[in-house]
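Notes follow once the structure below has been shown.
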Amino acid sequence: MQNNFLVSVVIPVFNEEKNILPLGKLLLSALKDHPYEIIFVDDGSTDNTASEVKKIAKKNTSVKLVSFYRNFGHQMALSAGYQIAQGDCVISLDADLQDPPDVISSMIKKWQNGALVVYAKRKEREVDGAFKKTTARFFYKLMNFLSDTPIPEDVGDYRLMDRKVVDDLNHLPEQSLFLRGLVAWGGYPSDFVYFERQKRHAGDTHYTFSKMLNFALEGITSFSIKPLRLATYLGFITAVIGFLGIIYAVLGKIFLPAYWVTGWAAIFVGIMFLGGVQLITIGIIGEYIAKIYKEVQKRPRYLIKEKVNV
Ligand code: UDP
Ligand code: MG
C-alpha cells in the first residue's frame with residue numbers, strides 16, 4: 001500500500017489542559033510520515049483544555065476540535081470523534097500520555113498487513129495501583145464469563161480501526177455505546193501491539209470508583225442477558241429451599257407438637273434471605289429496564305457546542 005492514506009487520531013479530553021501541548025508534540029512527530037488529522041473531542045471541560053487545543057489548531061489545520069456543552073462521558077466523546085474522522089484508519093488514545101504515541105507506526109504496519117482492528121495491549125499494569133489492577137482483572141473475568149463476546153484483556157481504548165470498522169460503529173443505532181465490547185463483537189480480524197502503560201502526565205484520573213462501576217454495569221448489560229437468567233435460577237433455588245423448609249415445619253408441627261417451638265431465628269433468617277434474593281433480582285431486572293428506557297428515548301448521544309477546523 002502507498003503511504004498516502006489518511007490517518008485520523010481521536011482523543012477524548014476532559015480537563016486535560018496540561019496534557020494537550022505535550023501530547024500534541026509527541027503525536028505530530030509520530031505522524032510525520034503520513035497525511036493525518038488529529039481530532040480532540042472536548043467532553044465538557046471546565047478548564048483551559050479547549051483553548052490549549054485551539055492554540056495548536058490555529059497553526060495547524062489538521063488539528064481539529066469538537067466541544068460538547070457538558071460532560072457526556074468518555075465513550076460518547078469517542079463516538080463523536082469517530083463520526084467526524086475521515087481517515088482510512090482511525091486511532092483512538094487517551095490524552096494523559098498513558099498511551100505512548102510511539103507505537104502508532106507499528107499499529108499502522110499491522111493494519112497494512114491486513115488487520116482491521118489493532119489493539120494496543122498493556123504489557124503490565126505496574127503504574128496502576130493495586131486496586132485498579134484487581135478491579136480491572138475482576139471486571140474482565142466477570143465480563144468474559146457473562147458475555148458471549150469475549151473482550152481482550154489489558155486492552156483499553158487505545159486501538160486502530162479500519163475505515164470499515166468505524167463506518168460499522170457509526171451506523172449502530174443504539175444510544176449507549178460500550179465501544180470496547182462493540183469492536184470485539186464485530187469479530188474483525190485483529191492484531192496486537194504491546195506497550196508499557198505510562199504514568200498519567202498531569203492531573204488525576206477521571207474514573208472514580210462509581211464511574212468504573214457504572215462502566216462495568218454498562219458493559220455487562222450491553223452484552224449479556226445472563227444476569228437475568230441467573231436471577232431466574234436464583235429464584236428457583238430459593239423456591240426449592242423454601243419448599244423444603246415448609247415440609248420440615250409442617251411435619252414438625254404434626255409429628256412432634258410437644259417439642260416444636262416456633263423459632264424466632266428461623267423466621268428471621270427466612271425473611272432476610274428471601275428479602276435479599278428478591279431485591280437482587282428486582283435490581284437486575286431494573287438495570288435492563290433502565291437500558292430499555294434510555295434506548296426508547298432516542299435522545300442524541302451528545303450535543304456539539306463548537307467545531308474548529310472541522
Ligand atoms: N475522559 C473523557 N470524559 C470523561 C472522563 C475521561 O473524555 O468523562 C477522557 C480523559 O480526558 C482521558 C481519557 O478519557 O483522555 C481516559 O480518562 P482517564 O485517564 O481519566 O482514565 P484512566 O486512564 O484513569 O482509566
Ligand atoms: Mg488515564
*Would you call residue 136 assigned to a helix (DSSP H, G or I), within 16 Å of ligand 1 (Cβ to nearest atom) and among the aliphatic types (A, V, I, L, M)?*
yes
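Would you check if there is a residue in the range 270-291 being over 34 Å from the mean Cα position of the chain (by Cα), in a helix (DSSP H, G or I) and among the hydrophobic types (A, V, I, L, M, F, W, C)?
Restricting attention to the range 270-291, the residues satisfying the condition of being over 34 Å from the mean Cα position of the chain (by Cα) are 270-272.
Within this subset, residues satisfying the condition of being in a helix (DSSP H, G or I) are 270-272.
From what's left, among the hydrophobic types (A, V, I, L, M, F, W, C): 271-272.
Yes - at least one qualifying residue is present in the range 270-291.
Within the range 203-250, restricting attention to residues that are within 16 Å of ligand 2 (Cβ to nearest atom) and either surrounded by 12 or more Cβ atoms within 10 Å (Cβ to Cβ) or among the polar types (S, T, N, Q) (or both), which residue is modelled with the highest pLDDT? Walk me through it before giving the result.
Just the residues of the range 203-250 that are within 16 Å of ligand 2 (Cβ to nearest atom), to begin with: 203-209, 211-212, 215.
Retained after the next criterion (residues that are either surrounded by 12 or more Cβ atoms within 10 Å (Cβ to Cβ) or among the polar types (S, T, N, Q) (or both)): 203, 205-208, 211-212, 215.
Working: 203: 92, 205: 89, 206: 89, 207: 86, 208: 84, 211: 86, 212: 85, 215: 87.
Among those residues, the one meeting the criterion is 203.
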*asked:* Can you tell me which residue is nearest to ligand 2 (Cβ to nearest atom) among those in the range 165-202 that are under 11 Å from the mean Cα position of the chain (by Cα) and closer than 18 Å to residue 294 by Cβ?
replied: 179
*Looking at 284, 271, 267, which one is touching a residue at least 24 places away in the same chain (Cβ under 8 Å) and either over 21 Å from residue 43 (Cβ atoms) or surrounded by fewer than 12 Cβ atoms within 10 Å (Cβ to Cβ) (or both)?*
284
*Which one is farthest from ligand 1 (Cβ to nearest atom) among residues in the range 156-175 that are in contact with an Asp or Glu (Cβ under 6 Å, 6 or more places away or on another chain) and open to solvent by 10 Å² or more (accessible area, probe 1.4 Å)?*
163
*asked:* What are the pairs with Cβ atoms under 8 angstrom where one residue, in the range 293-310, is farther than 18 Å from residue 43 by Cβ and the other, located anywhere, is in a loop (DSSP other than H, G, I, E, B) and at pLDDT below 95? Sequence gap at least six, or different chains.
replied: 294/175; 294/176; 295/174; 295/175; 295/176; 297/175; 298/175
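Working carefully through the options 59, 132, find the one that is away from ligand 2 (no atom under 16 Å from the Cβ) and open to solvent by 10 Å² or more (accessible area, probe 1.4 Å).
Numbers: 132 fails: away from ligand 2 (no atom under 16 Å from the Cβ).
Result: 59 is the single residue among 59, 132 that is away from ligand 2 (no atom under 16 Å from the Cβ) and open to solvent by 10 Å² or more (accessible area, probe 1.4 Å).
Can you report the number of residues in the range 134-190 which are of a type in the set (D, E, K, R), closer than 16 Å to residue 82 by Cα and in contact (Cβ under 8 Å) with a residue 40 or more places away in the chain? Can you show your working first?
Narrowing the range 134-190 to residues of a type in the set (D, E, K, R): 137, 141, 148, 153-154, 157, 159, 162-164, 167-168, 174, 180.
Applying the additional criterion that residues be closer than 16 Å to residue 82 by Cα yields 157, 159, 162-164, 167-168, 174, 180.
This time we only want the ones that are in contact (Cβ under 8 Å) with a residue 40 or more places away in the chain, so: 157, 159, 162-164, 174.
Qualifying residue count, the range 134-190: 6.
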*Looking only at the range 63-79, decide whether some residue is open to solvent by less than 30 Å² (accessible area, probe 1.4 Å), among the hydrophobic types (A, V, I, L, M, F, W, C), closer than 20 Å to residue 164 by Cβ and in contact with a Pro (Cβ under 6 Å, 6 or more places away or on another chain).*
yes
_Selection within the range 46-102 - polar (S, T, N, Q) and near ligand 1 (Cβ under 10 Å from one of its atoms)_ = 49, 71, 75, 92, 98
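Any idea how many residues of the range 207-264 are assigned to a loop (DSSP other than H, G, I, E, B) and in contact with a helix residue (DSSP H, G or I) (Cβ under 6 Å, 6 or more places away or on another chain)?
Applying the first criterion (assigned to a loop (DSSP other than H, G, I, E, B)) to the range 207-264 yields 207-208, 224-225, 256-263.
Checking the rest, the ones that are also in contact with a helix residue (DSSP H, G or I) (Cβ under 6 Å, 6 or more places away or on another chain) come to 224, 260.
Number satisfying all stated conditions: 2.
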*Hey, among the residues in the range 7-53 that are hydroxyl-bearing (Ser, Thr, Tyr) and in a helix (DSSP H, G or I), which one's least open to solvent (accessible area, probe 1.4 Å)?*
49
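Scan the range 292-310 for residues that are more than 16 Å from residue 217 (Cβ to Cβ) and in a helix (DSSP H, G or I) and report the count. Don't jump to the end; show me each part of the working.
Initial filter on the range 292-310 (more than 16 Å from residue 217 (Cβ to Cβ)): 296-310.
Remaining after also requiring in a helix (DSSP H, G or I): 296-297.
Adding up the residues that qualify gives 2.
Can you tell me which residue within the range 83-125, out of those that are part of a helix (DSSP H, G or I) and open to solvent by 50 Å² or more (accessible area, probe 1.4 Å), is farthest from ligand 2 (Cβ to nearest atom)?
Initially, the range 83-125 is screened for residues part of a helix (DSSP H, G or I), giving 83-84, 101-112.
Now drop any that are not open to solvent by 50 Å² or more (accessible area, probe 1.4 Å), which leaves 83, 102, 105, 109-110, 112.
On the way: 83: 23, 102: 17, 105: 22, 109: 25, 110: 23, 112: 28 Å.
Top of the filtered list is 112.
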*What pairs come up if the first residue lies in the range 2-14 and is of a type in the set (S, T, N, Q) and away from ligand 2 (no atom under 12 Å from the Cβ), the second is open to solvent by less than 20 Å² (accessible area, probe 1.4 Å) and not in a strand (DSSP E or B), and their beta carbons are under 7 Å apart, counting only those six or more places apart or on different chains?*
8/85; 8/87
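The values are calculated or read from the model by the stated rules, or taken from the named source; none is laboratory data. Worth saying up front: this structure is predicted, and the values here are computed from it rather than measured. Every residue, glycine among them, receives a Cβ derived from its backbone with ideal geometry; neighbour counts consider all protein chains shown. Accessible surface areas use protein heavy atoms only, side chains included; no ligands, DNA or RNA. Shrake-Rupley method; radii C 1.70, N 1.55, O 1.52, S 1.80 Å.
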